[in-house]
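The values are calculated or read from the model by the stated rules, or taken from the named source; none is laboratory data. This structure is a prediction, so every number in the text was calculated from the model and none was measured. Because the Cβ atoms are built from the backbone with ideal geometry, glycine has one as well, and the counts that use them run over all protein chains shown. The accessibility values were calculated without ligands, DNA or RNA, using every heavy atom of the protein model including side chains. Shrake-Rupley method; radii C 1.70, N 1.55, O 1.52, S 1.80 Å.
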Amino acid sequence: MKIGVLNSGGDCPGLNAVINGVVGAADKLGWEVYGFIDGFEGLLPEGGDYLKLTPNDTIGIAKLGGTILGTTNKGHFAAKIGEGDIAKIPRNIIDTARDNVNQLGIEAIIVIGGDGSLTTALQMNQEGFNVVGVPKTIDNDLQATAMTFGFDSAVTSVVDALDRLQTTGQSHKRVMVLEVMGRHAGWIALWGGIAGGAHAILIPEIDFDIDNVADFINEREQEGKRSSLVVVAEGARISGGKLITKSRGGTSEVTLGGVGDIVAEQLSAKTGKDTRSCVLGHLQRGGSPTAIDRILGARFGVKAVKLIEAGKFGRMVSYEAYHVGSVPIEQAVHKLRLVDPDSEMVDTARALGICLGD
Ligand code: F6P
């Protein structure tokens, strides 16, 4: 038996741990693993572009950030465009991939991806490819899984950044604003903000008024607090306004960014306090995975192989109540999993006295 594995879309701490899990489990079954280079793009060159992976090739990779296979964000297989519209993979691309997969004798492919890549995986499954998905994204915004691998590492980076911003903010009596990733979901901001001791957390799911945040900061000052930490998710909209974007690629999803600077400017103007903003950016994506993500990655990789062994194609590995199971891929895509404003996590933030700006 020969199987393929590829990762697609943005990289994410824990990718190599998944690959290691896949290779280990497949080897136990006597299967060969072909790791396709740069995501789905590796299916296109004549004969395919791949690395044959044995346990010897993956020794020590589980602790490494990035991916030994490389990845592609935009490419020939993009199944989502603009702000999330679905696109059809062109027929000639599907046919070329099919020819190469058949020629190599590959019977199933494990796709490690987020919403966009799993939308591609679903289309390929509908085209007759035997596909199994693994949920990957720092944003933690996939439906049908309580957690994606990579999220914990991103949250850990936010906590580290807040710990550092807190000490310098305290020294200078400043308001420190940290913009974090997450696209249209506030998970990274909410979890990172709570764990990192933020005083205000602004997320896309909760409409906030910048005046409320300014009033909250002024009250803190009157109470004698020297500084305030504000976490803002890149997808948060100021006072019900527009999404702040950096660019809009024609064939890819919009790039978010810039809301942190605007929040900082407005807070400075409204409070008169010295304010600085910091964009954490890709520091949240790079670097070694946390222990949680290494373990999730290993479990997800092994489970993906077991799904193939059981002939359960068109399914995605999922995590629910400490159990690794699986769901149909279509349950995981097309609609993002967002923070529920009435959830216990949001209540926890409020109970801790954190301002959510509403
Ligand atoms: O989806 C993961 C993510 O890191 C988002 O949080 C962020 O908006 C986006 O990818 C950044 O993408 P890029 O690496 O293309 O700038």
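Summary of values
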item: Translational diffusion of the range 260-358, µm² s⁻¹ [Kirkwood Rh, Cα pairs; Stokes-Einstein; 20 °C; 1.002 mPa s]; result: 119 µm²/s
item: Cα-derived Rg to Rh of the chain, Kirkwood definition; result: 1.02
item: Dipole magnitude (debye, nearest 20) for the chain, charges at Cβ of Lys, Arg, Asp, Glu; result: 500 debye
item: Rg over Rh, two decimals, the range 45-147 (C-alpha only, Kirkwood Rh); result: 0.96
item: Projected area averaged over orientations for the range 153-285, convex hull of C-alpha atoms, nm²; result: 7.5 nm²
item: The range 199-347, dipole about Cα centre (Lys/Arg Cβ +1, Asp/Glu Cβ -1), debye to the nearest 20; result: 860 debye
item: Under Karplus coefficients 6.51, -1.76 and 1.60, residue-wise ³J(HN,Hα) of the range 281-286 in Hz, glycine/proline x; result: x, 6, 4, 6, 9, x
item: Per-residue ³J(HN,Hα) for the range 154-165, Karplus 6.51 cos²θ - 1.76 cosθ + 1.60, θ = phi - 60°, Hz, x for Gly and Pro; result: 5, 4, 4, 5, 5, 4, 4, 4, 5, 4, 6, 5
item: Built amide H within the under 5 Å cut-off of residue 232, gap 5+; result: 178, 179, 180, 202
item: Where labels lie 7 Å past Cα in the beta-carbon direction, separation of residue 340 and residue 107 in nm; result: 4.1 nm
item: Counting DSSP beta bridges with both ends in the range 153-285, the antiparallel % (nearest 5); result: 10 percent
item: Long-range HN-HN contacts of residue 5 with modeled amide H, under 5 Å; result: 34, 35, 36, 110
item: Accessible solvent surface per residue of the range 153-285, calculated while the other protein chains remain in place, 1.4 angstrom probe, Å²; result: 42 Å²
item: Length-normalised contact order of the chain in % [C-alpha pairs under 8 Å, at least 6 apart]; result: 23 percent
item: Residue of 111, 231, 339 that the Gaussian network model of the chain assigns the largest fluctuation, springs spanning Cα pairs under 10 Å; result: 339
item: The range 22-158: relative contact order in percent, alpha carbon pairs under 8 Å with at least 6 residues between; result: 17 percent
item: Whichever lysines have a C-alpha closer than 30 Å to that of residue 273, once near sequence neighbours (fewer than 8 apart) are set aside; result: 173, 225, 242, 246
item: Of 55, 292, 162, farthest towards positive along the dipole that unit charges on Lys, Arg, Asp, Glu beta carbons give the chain; result: 55
item: Estimated vicinal HN-Hα couplings, Hz - the range 336-344 in sequence order (Karplus 6.51, -1.76, 1.60; Gly, Pro = x); result: 7, 8, 10, 5, 7, x, 9, 7, 5
item: Sequence-distant residues sharing a close amide H with residue 326 (under 5 Å, placed H); result: 318
item: Helix 210-222 vs. the chain, principal-axis angle (Cα, 0 to 90°, nearest 10); result: 60 degrees
item: Solvent-accessible surface (1.4 angstrom probe) belonging to residue 355, in square angstrom, nearest 10; result: 20 Å²
item: Between helix 91-104 and the chain: long-axis angle, C-alpha atoms, 0 to 90°, nearest 10; result: 60 degrees
item: Lys, Arg +1 and Asp, Glu -1 on Cβ, resulting dipole of the range 153-285 about Cα centre, debye, nearest 20; result: 340 debye
item: The chain, accessible surface, carbon-and-sulfur percent (1.4 angstrom probe); result: 48 percent
item: Residue-averaged [θ]222 nm for the chain, counting only DSSP H segments that reach four residues, each worth -39500 (n - 2.57); result: -11500 deg cm²/dmol
